[in-house]
Amino acid sequence: MEVKNQISLAEFNTFGLAVDAPLFTEVTSSLALQEVLKDPRFENALILGGGSNVLLLQHLSRPVIKISIPGIRIVEENDQAAIVSAGAGVVWHDLVMWSIVNNLGGIENLSLIPGLVGAAPIQNIGAYGVELSDVFYNAIAIGRKTGDSKIFKAEDCAFGYRDSVFKNELKDEYVITTLRLSLTKSNHKLHLEYGGISQTLDEMGVIAPTIDDVARAVIRIRSAKLPDPTKLGNAGSFFKNPIVLKSKATQMAEEFPSMPAYTIDKNFTKIPAGWLIEQTGFKGKVFGNVGMHKNQALVLVNYGAATGTELWEHAQRVMAAVLSKFDIELEPEVNLIN
Ligand SMILES: Cc1cc2nc3c(=O)[nH]c(=O)nc-3n(C[C@H](O)[C@H](O)[C@H](O)COP(=O)(O)OP(=O)(O)OC[C@H]3O[C@@H](n4cnc5c(N)ncnc54)[C@H](O)[C@@H]3O)c2cc1C
């Protein structure tokens, strides 16, 4: 096992924060991971994928294990569906592109989400009307205390909106090594109704869309809308979209008739956090090294030399403003790492 001392994590997090870790190692197999987990120096380590959903608040006092387990293959199939297995270190978007090339449907709407496969179940990644849980078959994970491997079926994962058991009861208990997805081989069910996909397909001149067309439309929309973390440090949506009581949403809609809102069920409504932030005047406003992006108010941006503390202080400023104006508490989607 190669262990590095006192390493900068600047290139391992999409905020580009130059935070140091005292020890760092990279694992490329489950066996290697089991070995590292037994090593007392790596007790309490931060498990890192692509670093696209973490805010590193300060220099770490704990070690880092970077997950780089490779490999994509079909493990089972019939005429209609295939079970695809991917190593936790595979780049998520590479898995999406591999599935398109192999005419396997189900994750095309999740094109261009940064990060690695192993982190996808942690917050049940989602975009454009599809969530990982829609195609999840199972995941293999190693218990951090026992070193034993366990298979998690969908019902074990308590998937919710940007949420799973791995963010709650089992937080920091397991490291995911393999993800298996159930993808369609024929009669792909396309989801075109969200975020302007249909309109973009029209603009692209596509009449009878394939999964490849949908992926291309999503890539086009995302590239135009979201800042590229290699150019401007960010972690995508910093906050979750709050879910409020329907009565509260109705009352707000009377005061703000242009407010967008999405019915969850008969009791709850989801309100876009980006809209709430926009109403507080933070969209595009720069505070020193930080700010909420000019095109997408939900994206907290490092304009170059920000520290984790500065970013978090700004997030709290935004949260306080939304609370004061709307009496709604925003919850960070990004994992805060001490
Ligand atoms: C520009 C941009 C756009 C984004 N758009 C979306 C979007 O549309 N939808 C969406 O859902 N997300 C989005 N995200 C967030 C992010 O891409 C996802 O959350 C992604 O799954 C994070 O993967 P990662 O490998 O970078 O995870 P990391 O940031 O490395 O880790 C995230 C968390 O998971 C834990 N973790 C990582 N790997 C493992 C593992 N193998 N086992 C156990 N725990 C692990 C880490 O300890 C950490 O707590 C976006 C981010 C950016 C920068």
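The values are calculated or read from the model by the stated rules, or taken from the named source; none is laboratory data. No experiment lies behind these values; they were computed from the predicted model shown. Neighbour counts are summed over all protein chains in view; Cβ atoms, including those assigned to glycine, are modelled from backbone coordinates with ideal geometry. For accessibility, only protein heavy atoms count, side chains too; no ligands or nucleic acids. Shrake-Rupley method; radii C 1.70, N 1.55, O 1.52, S 1.80 Å.
So the values come out like this:
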| read-out | value |
| --- | --- |
| Flag if S52 is open to solvent by 20 Å² or more (accessible area, probe 1.4 Å) and more than 9 Å from the ligand (Cβ to nearest atom) | no |
| Members of the range 101-132 that are on the phi < 0 side of the Ramachandran plot, more than 7 Å from the ligand (Cβ to nearest atom) and either of a type in the set (F, W, Y) or open to solvent by less than 20 Å² (accessible area, probe 1.4 Å) (or both) | L104, G105, I107, E108, N109, L110, S111, V117, P121, V130, L132 |
| All positions within the range 256-309 that are loosely packed, with under 13 Cβ neighbours inside 10 Å and in a helix (DSSP H, G or I) | T309 |
| Hits in the range 137-149 (condition: more than 12 Å from the ligand (Cβ to nearest atom), open to solvent by 20 Å² or more (accessible area, probe 1.4 Å), in contact (Cβ under 8 Å) with a residue 24 or more places away in the chain and not small (G, A, S)) | Y137, K145 |
